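As structure tokens, the structure follows; a few thoughts come after it.
Every number here is computed from the coordinates shown, using simple stated rules; none is lab data. Note that the structure is a prediction, hence the values are computed from the model and not measured. Ideal geometry is used to build each Cβ from the backbone, glycine not excepted, and the neighbour counts take in all protein chains shown.
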């Protein structure tokens, strides 16, 4: 009888070891491998050419503020930014296709030009242009060839940069938080300052939709939930 209990005890221990090993192997298999060096990280982000992300956009000075909900859709170098203005105002769409920027503001006639930032400045009544064309890179965590004073963190992710736009406004941008999309780090919170303005982007709900869906329709963002909080204010 004693031998039988010893045998059953050893059998139970063996079963526990096998179950524990299977759980560890399962966790290792299901855990995505995240890029942690700058070169590989930037290469992976450069290949991230089709995506959709929603969130919030806030633009402030000491005297005025605009807070909106946004949806950003991108296919290669083309993008569409849907901006839901608060208090039941129109939705503004800023897009770039084959290098041509277009703004659609409610029922008004669309306006086109070479700079999406300048068109958005006019549509929102801002004092300077918001660097929307550059944000197409910042949203992915890529500084772009026009950036200066580029810094990366210890995990190879873009931390901060500077950029001089076409109106000679110097923008300083910081990526405050990251999330993971398709096994690569992508920005979750971006804070930029230029002239008297502070711009904050909060990005969530990253997805990879079918490119034909992005080309055939504009996705409207959810309703604005009020002013976004700027760190330190």
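Worth a mention:
- Given R0 = 25 Å, the distance between the Cβ atoms of residue 172 and residue 107 translates into a calculated FRET efficiency of 0.10.
- Note on residue 151 and residue 40: with the Förster distance fixed at 22 Å, the Cβ-Cβ geometry gives a FRET efficiency of about 0.80.
- Pair-distance distribution P(r) for the stretch 38-204, from all Cα-Cα distances in 10 Å bins starting at 0: 10, 41, 38, 10, 1 percent.
- Simple spin-label estimate for residue 65 and residue 210 in nanometres, 7 Å along Cα-Cβ: 4.1
- Stretched out straight at 0.36 nm per residue, the stretch from residue 77 to residue 122 would grow longer than its current Cα-Cα span by 13.9 nm.
- Note: relative contact order over the stretch 38-204, using C-alpha pairs below 8 Å and six or more positions apart, is 19 percent.
- Inverse of mean 1/r across different Cα pairs in the stretch 112-217, Kirkwood, Å: 14.9
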